[in-house]
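Encoded as structure tokens, the structure appears first; notes follow it.
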Amino acid sequence: MEHESFENEEVANIMNKFYVNIKVDREENPGVDKMYMTYVQLTSGRGGWPMSVFLTPDKYPIFGATYFPPEDAHGRPGFKTVLKRVAQMWEANPDTLKENATDTIEQLRSYAEVEYTQSGTGSAALDFSKITSSVYEHLESSYDKKQGGFGGAPKFPTSCQFAYLLDYHHYLKKDGKEQAQKALDMVLFTLKKIAHGGIHDHVGNGFHRYSTDDQWHVPHFEKMLYDQAQLLSTYASAYKITKDDFFADTMRDIIKYVERDLQHDGGGFYSAEDADSFPEEGATKKLEGAFCVWEKSELTDILGEDDADIFAQHYDVKKNGNVDPAQDPHGELKGKNVLIERSTASETAKQFNITEDQVNEVLNRCKEKLWTLRLEKRPKPHRDDKILTSWNGLMISGLAQAAQALQDPKIGQLAEKAALFIKNNMYQADSSTLIRSYREGPSSIEGFLEDYAFLIQGLIDLYETSSDEKWMEWADQLQKKQDEVFYDNDNGGYFSVAETDKSILLRMKDGKNAVALKNLLRLGQALEDHALIDRAGFTVTSFHSMLTKYPFAMPALVSSYMMYDKGVKQVITSGSLDDPTVKGFHQLVNEAFLPNKLLVHAQKGGFIASKNPTVSTLTEQDQKPLVHICENFTCGMPMETVEELEKSLQ
């Protein structure tokens with residue numbers, strides 16, 4: 001719609017004649033998007049972006065929908081027709097439209113109250129097996145056995161679904177259920193397909209937004225920080241489970257991209273890079289994917305004939321391009337190739353009668369040359385250089401989990417730098433208030449639920465990686481502020497926006513409650529704070545209706561519910577952090593995939609010891625290397641060796 005309608009003079013004239021036009025950056029204020037998106041979904045039966053909503057001057061919605069073509073076609077009105085019709089209706093009957101819009105908001109309010117009101121039956125009424133199986137069966141039924149992923153085109157790398165299946169695998173594998181192995185297999189196969197696909201930037205690293213086809217081949221070329229962050233967490237989990245170097249390499253690939261192209265000098269991370277760019281210096285029109293695609297003759301000129309032949313075979317490069325015209329409606333990719341690995345290094349080696357190592361040498365050499373050319377000859381896509389607290393929280397989590405999986409402290413330092421950037425630039429310490437965004441200075445917009453929830457999660461992950469208690473202390477401060485500003489004291493759960501935000505007609509709750517729920521459980525266990533655990537229970541019951549009716553729509557919430565049901569397994573180490581045995585305890589726990597674990601080190605006089613009597617007691621004992629596993633605020637017998645701990649965690 002940007003190209004078809006919003007850059008069109010005729011459309012602009014109509015819009016400016018009849019309307020005050022507001023282009024909303026949903027990343028700046030997600031509460032606005034959430035409310036009007038819910039309206040569009042409930043009134044039209046579908047949602048998504050772009051989203052166009054027509055409002056009264058008091059911001060009440062009259063009409064809304066997603067994509068409109070520029071012209072009338074196939075019995076569907078075009079955007080110009082819609083603009084004129086709504087303007088005519090407003091001119092003829094403004095009072096009626098206002099009344100209808102007010103009624104609609106009240107219906108939305110009633111809907112929200114029903115969906116998020118505690119049922120009174122309590123969490124015991126929830127059927128764990130039925131809920132978790134329902135999500136698994138939904139995903140299994142839509143799984144693409146040939147290409148991986150769920151459903152058809154377009155395909156998104158849905159990290160919340162991957163995370164759910166990995167958690168499901170962990171909790172059910174002890175029972176020997178076939179579904180547990182199938183859940184794992186679906187994720188691992190999909191992750192490999194994504195990394196081999198064109199959605200992966202094989203030359204410039206990182207991942208594009210989504211695939212327009214069902215083969216992960218032709219992407220929408222935008223690169224988003226939150227995709228890199230969540231995929232990094234997912235590949236870290238896959239590596240922890242399998243110890244497959246393929247997943248380790250993919251983690252390093254993502255980290256290379258975000259550190260090189262998305263990192264602010266101070267340590268925070270920018271939001272995105274655009275899909276389109278100028279194909280060459282002096283060009284006047286930007287094209288989708290211009291920075292990333294190649295013609296076969298171009299590769300031969302750059303790489304030399306021998307290397308180009310091997311590279312072309314491995315990445316499916318064709319003389320006339322490898323993009324299906326159906327995936328290129330504007331003809332921007334005609335004759336171009338989107339690199340995709342359709343054969344393994346072993347298969348390519350056989351094709352050219354060389355060794356696998358030689359193939360990898362050629363491919364790496366070629367990618368370095370192509371990256372250099374991209375930098376020297378092609379204008380880079382525009383970078384969205386605002387820094388969002390929520391997305392940086394996700395990135396801190398991804399980096400912390402990668403540092404754990406790879407046992408690489410340099411990766412952990414990237415996470416620490418990002419956390420310090422937010423604390424120094426996007427946090428008001430006197431009121432414990434987060435700022436939503438930063439661009440050449442902090443914005444005036446205070447943080448939303450997602451900013452607090454994602455950052456708290458990242459800080460807990462960072463604490464487990466580094467054992468530096470300042471991160472846990474800050475997480476506790478932020479949790480208190482989150483509870484004060486967003487918690488629903490009547491029905492449990494968290495609103496996505498503050499009550500003081502007058503730009504929002506209706507406060508709603510969303511899937512970020514899944515993250516908030518896990519944070520409550522982990523912090524409550526670490527600090528032995530029963531009020532946080534109780535709040536977690538109220539949050540579960542506030543989503544009773546959704547968990548019962550359509551759990552498959554909220555896999556992240558069901559993952560958190562699984563943690564709530566199974567309980568947090570707290571691993572508490574004591575002794576010097578420099579002791580080889582204590583280091584061994586931490587390495588074992590951090591390298592393992594244990595979705596409900598919490599790693600705590602008992603530090604004498606530390607913040608956690610001041611809150612948690614159990615930890616405090618351990619700091620007062622003989623400081624030899626010991627480890628305890630604690631559940632429900634009760635600890636087992638101390639263990640002295642890594643072997644004992646490993647056996648207990650199985």
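Residues in region 526-585 that are charged (D, E, K, R), surrounded by fewer than 18 Cβ atoms within 10 Å (Cβ to Cβ) and within 25 Å of Leu126 (Cβ to Cβ): Asp529, Asp534, Lys549, Asp565, Lys566.
Hey, can you tell me all the residues within region 268-295 that are in a strand (DSSP E or B) and open to solvent by 10 Å² or more (accessible area, probe 1.4 Å)? Across region 268-295, the qualifying residues are Glu273, Asp276, Leu287, Glu288. The set of residues in region 11-33 being surrounded by 11 or more Cβ atoms within 10 Å (Cβ to Cβ) and either assigned to a helix (DSSP H, G or I) or polar (S, T, N, Q) (or both) consists of Val11, Ala12, Asn13, Ile14, Met15, Phe18, Asn29, Pro30, Gly31, Val32, Asp33.
Taken as a whole, region 229-238 holds no residue that is of a type in the set (Val, Ile, Thr) and over 28 Å from the mean Cα position of the chain (by Cα). Restricting Arg76, Arg46, Arg109 to residues that are open to solvent by 60 Å² or more (accessible area, probe 1.4 Å), farther than 27 Å from Leu547 by Cα and not hydrophobic (A, V, I, L, M, F, W, C) narrows the list to Arg76.
Cβ separations smaller than 6 Å between residues 6+ apart or across chains give the following pairs from region 73-95 residues that are in contact (Cβ under 8 Å) with a residue 60 or more places away in the chain to residues that are open to solvent by 40 Å² or more (accessible area, probe 1.4 Å) and part of a helix (DSSP H, G or I): Ala87/Phe18. Looking across region 296-308, just one residue is open to solvent by 70 Å² or more (accessible area, probe 1.4 Å) and closer than 18 Å to Glu376 by Cβ, and that is Asp301. Going by the conditions given, is Tyr235 open to solvent by less than 10 Å² (accessible area, probe 1.4 Å) and either modelled with pLDDT of 95 or more or outside any loop (DSSP other than H, G, I, E, B) (or both)? Here the answer is yes, as Tyr235 does meet what is asked.
Candidates Ile411, Ile422: the one that is in a helix (DSSP H, G or I), under 22 Å from His202 (Cβ atoms) and aliphatic (A, V, I, L, M) is Ile411. All of Phe54, Phe6 fail the test of being within 30 Å of Ser443 (Cβ to Cβ) and open to solvent by 30 Å² or more (accessible area, probe 1.4 Å), apart from Phe6. Residue pairs whose Cβ atoms lie under 6 Å apart, sitting 6 or more positions apart in sequence or on different chains, and linking a residue in region 361-389 that is touching a residue at least 12 places away in the same chain (Cβ under 8 Å) and part of a loop (DSSP other than H, G, I, E, B) to a partner that is among the aromatic types (Phe, Trp, Tyr) and buried (at least 20 other Cβ atoms within 10 Å of the Cβ), are Arg378/Phe291; Pro381/Phe291; Asp385/Tyr270. Can you tell me which residue in region 262-286 is nearest to the chain's Cα centre (by Cα), limited to those that are charged (D, E, K, R) and closer than 18 Å to Asp385 by Cα? Checking each candidate, the answer is Glu273.
In this structure, Lys173 qualifies as over 30 Å from Thr372 (Cα atoms), open to solvent by 30 Å² or more (accessible area, probe 1.4 Å) and modelled with pLDDT under 95.
Just one of (1) acidic (Asp, Glu); (2) open to solvent by 40 Å² or more (accessible area, probe 1.4 Å); (3) more than 18 Å from the chain's Cα centre (by Cα) fails for Glu259. It is (3). Touching a residue at least 24 places away in the same chain (Cβ under 8 Å), more than 19 Å from Asp249 (Cα to Cα) and outside any loop (DSSP other than H, G, I, E, B) - does that describe any residue in region 194-203? Among the residues of region 194-203, not one is touching a residue at least 24 places away in the same chain (Cβ under 8 Å), more than 19 Å from Asp249 (Cα to Cα) and outside any loop (DSSP other than H, G, I, E, B), which makes the answer no.
Taken as a whole, region 208-222 holds no residue that is in a helix (DSSP H, G or I), open to solvent by 10 Å² or more (accessible area, probe 1.4 Å) and acidic (Asp, Glu). Just one of the listed residues (Tyr60, Tyr67) is within 33 Å of the chain's Cα centre (by Cα), among the hydroxyl-bearing types (Ser, Thr, Tyr) and farther than 14 Å from Met1 by Cβ, and it is Tyr60. Exactly one residue out of Lys597, Lys604 is of a type outside the set (Val, Ile, Thr), under 22 Å from Trp471 (Cβ atoms), in contact with an Asp or Glu (Cβ under 9 Å, 6 or more places away or on another chain) and surrounded by fewer than 17 Cβ atoms within 10 Å (Cβ to Cβ), and it is Lys604. All of (1) open to solvent by less than 30 Å² (accessible area, probe 1.4 Å); (2) of a type outside the set (Phe, Trp, Tyr); (3) at pLDDT 90 or above hold for Glu115 with one exception: (3).
If you check Tyr487 against the conditions, is it open to solvent by 10 Å² or more (accessible area, probe 1.4 Å) and at pLDDT 95 or above? Quick ask: steps written out before the conclusion?
Working: open to solvent by 10 Å² or more (accessible area, probe 1.4 Å): yes; at pLDDT 95 or above: yes.
For Tyr487, the condition - open to solvent by 10 Å² or more (accessible area, probe 1.4 Å) and at pLDDT 95 or above - is met.
In this structure, is Ser123 farther than 26 Å from Glu10 by Cβ, modelled with pLDDT of 90 or more and of a type in the set (Gly, Ala, Ser)?
Details: farther than 26 Å from Glu10 by Cβ: yes; modelled with pLDDT of 90 or more: no; of a type in the set (Gly, Ala, Ser): yes.
No.
Screening the candidates Gly636, Gly575, Gly584, Gly606 for the property of being farther than 12 Å from Gln525 by Cβ, of a type outside the set (Asp, Glu) and free of Cβ contacts under 8 Å to residues at least 24 places away in the same chain yields one hit, Gly636.
The values are calculated or read from the model by the stated rules, or taken from the named source; none is laboratory data. Remember, predicted model here, so these are calculated numbers, not experimental data. Don't worry about glycine lacking a Cβ; one is built from the backbone with ideal geometry, like all the others, and counts go over all protein chains shown. Just the protein is used for accessible areas: all its heavy atoms, side chains included, with ligands, DNA and RNA removed. Shrake-Rupley method; radii C 1.70, N 1.55, O 1.52, S 1.80 Å.
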